[in-house]
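FYI, it's all coordinate maths here, none of it is from the lab. Source: prediction; values computed, not measured. Every residue, glycine among them, receives a Cβ derived from its backbone with ideal geometry; neighbour counts consider all protein chains shown.
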Amino acid sequence: MSTKTPPAGFRPSYETCTEPGPFCPIQATTLGYYPNQGVNIFLAIGYGLAALITIVTGVWKRTWGFSIAVAAGCALECVGYVGRCLLADNPWNGDAFKIQIVAIVLGPTLVCIGLYLTLKHAVTALNRSLSRVAPRLYPLFFVPADVSCLVIQAIGGGIAASAGPGKLDLLQHGNRTIMAGIVLQVVVLLCFGTLSGDYLFRAGRYFRSGNVAPEYQAGAALFVDKKFRTFIWAMGVAYAALLIRCIYRIAEMQGGWGSAIMQHESSFIVLESFMVLIACVLLAAFAPGIFFPQMSHSFAAQEEDKRPQTESDSAGTEMERV
């Protein structure tokens, strides 16, 4: 191949380029830059440690649903940033590009499931009568809704990945599908935040009223417990970080692949990478099994051992666990 002029009809793409060169400049890649390898190594290690800590704590404290969802999300993020480390060596590595796109887009969706599972257990432990919705309905709505966001984004990613050279329309369809999934995720997150904020406001007003019914004294004690309040604050900050990340993703995808926002690494690192890492670290460090033990299966088993139950009562209690 001549070093002066490219072959007739040549267009740089992940199918025609394997490494940077005269006809395959870095600027022609979707990202348009060499990812910062040091930052991405740090992020990959951070997500890997968060996944490991979440799994260990989950097995120890038996918070199965929460731990599996959050650890899977952290693991996906870790894989995604390993992909970006490979892109730091060669931005034309098509496989690494696809890996980081899919993993980093889908990872936070799984992490959100961990948040959704906490609301049901918080309502059950504090005072379920204050909730506008039956506690068991929270995961029945939010988890499938979140999975729907994941599926839509995965479909969009598959469409975009299948768009070869000259298939700009197919690429744009994939882009719009991904963005639809992210917009839906923002809507789901906003609904979750509204319901959570409403319940915590009602619970705070009730427990501070000085007129707490005897059956809710345990909830009143939990509401002022320092560990539980720390857990709620950690979940709140994690929620805010994930919401910021999703809003950023909408702005990024709005301009399409290779947009000015997508090619601005600093905004990606701050508003995507570190927002999700903050959420993952908080969920791992302030694990519910330690700071909110009422969410664990171990706590449920201990409570059941303290009092006799009829067979139907036991079945009902088990149905309340996730």
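Pairs of Lys residues in the range 26-301 are counted when their Cα atoms are under 27 angstrom apart and they lie 8 or more places apart or on different chains; the count is 6.
For the chain, the mean residue ellipticity at 222 nm estimated from helices alone is -24000 deg cm²/dmol, where every DSSP H run of n ≥ 4 contributes -39500 (n - 2.57) and the total is divided by all residues, rounded to the nearest 500.
Placing unit charges on the Cβ atoms of the charged side chains and taking the dipole of the range 26-301 about its Cα centre, the candidate lying farthest along the positive direction among Leu117, Val105, Asn211 is Asn211. With the simple model of a label 7 Å out from the Cα in the direction of the Cβ, Ser162 to Asn90 spans 2.7 nm. The charge dipole of the chain, taken about its Cα centre with unit charges on the Cβ atoms of Lys, Arg (+1), Asp and Glu (-1) only, comes to about 620 debye. A crude spin-label estimate for the pair Leu137 and Thr5, with each label 7 Å from Cα along the Cβ direction, gives 7.1 nm. Here the calculated FRET efficiency for Ser148 and Leu52, from their Cβ-Cβ distance with R0 = 30 Å, stands at 0.55, rounded to the nearest 0.05. What FRET efficiency would be calculated for the residue pair Lys226, Ile247, taking the C-beta separation as r and a Förster radius of 30 Å, to the nearest 0.05? Efficiency, rounded to the nearest 0.05: 0.40. Segment Val237..Arg202, full-extension length gain: 10.6 nm, with 0.36 nm per residue of separation and the alpha-carbon distance subtracted. For Cα extents along the principal axes in Å, computed directly from the structure shown, the correct entry in (i) 84, 36, 32; (ii) 62, 57, 31; (iii) 91, 50, 37 is (i). The C-alpha atoms of the chain define a longest principal axis, and helix 297-306 lies at about 10 degrees to it. Whole-Hz Karplus values for the range 128-139 come out as 5, 5, 7, 7, 6, 10, 4, x, 5, 7, 4, x Hz, taken residue by residue from phi with 6.51 cos²θ - 1.76 cosθ + 1.60 and θ = phi - 60°; glycine and proline positions read x. Sorted ascending by nearby beta carbons within 10 Å, beginning with the fewest, Tyr81, Tyr138, Tyr34 become Tyr34, Tyr138, Tyr81.
In the chain, excluding the sites themselves, the longest stretch lacking any of the GluC sites (Glu not before Pro) that are in a DSSP loop with at most 14 other Cβ atoms within 10 Å is 16-319. Counting neighbouring Cβ atoms within 10 Å and putting the fewest first, the residues Met295, Met235, Met179 line up as Met179, Met235, Met295. What's the center-to-center distance, using Cα atoms, between the range 206-277 and the range 85-160 in Å? Centre-to-centre (Cα) distance: 13 Å.
Summing +1 for each Lys or Arg and -1 for each Asp or Glu, what net charge is found among the other residues whose Cβ lies under 10 Å from the Cβ of Asn127?
Here the count lands on +1.
Relative contact order, whole percent, for the range 26-301 stands at 24, derived from Cα pairs under 8 Å and 6 or more residues apart. Using only Cα atoms, tell me the angle between helix 37-61 and the longest principal axis of the chain; keep it within 0 to 90° and round to the nearest 10. Relative to the chain, helix 37-61 is tipped by roughly 30 degrees. In a DSSP loop and with at most 15 other Cβ atoms within 10 Å, the trypsin sites (Lys or Arg not before Pro) in the range 1-101 are Lys4.
Between Ser129 and Gln217, residue separation times 0.36 nm minus the direct Cα-Cα distance comes to 30.3 nm.
Taken along the Cα-to-beta-carbon direction at a fixed 7 Å, the label points for His264 and Phe42 span 2.1 nm.
This ranking places Arg229, Arg132 by how few other beta-carbon atoms lie within 10 Å of each, fewest first, which gives Arg132, Arg229.
For the chain, modelled as a GNM with alpha-carbon contacts under 10 angstrom, which of Leu242, Leu200, Leu137 fluctuates the most? Highest fluctuation of the listed residues: Leu137.
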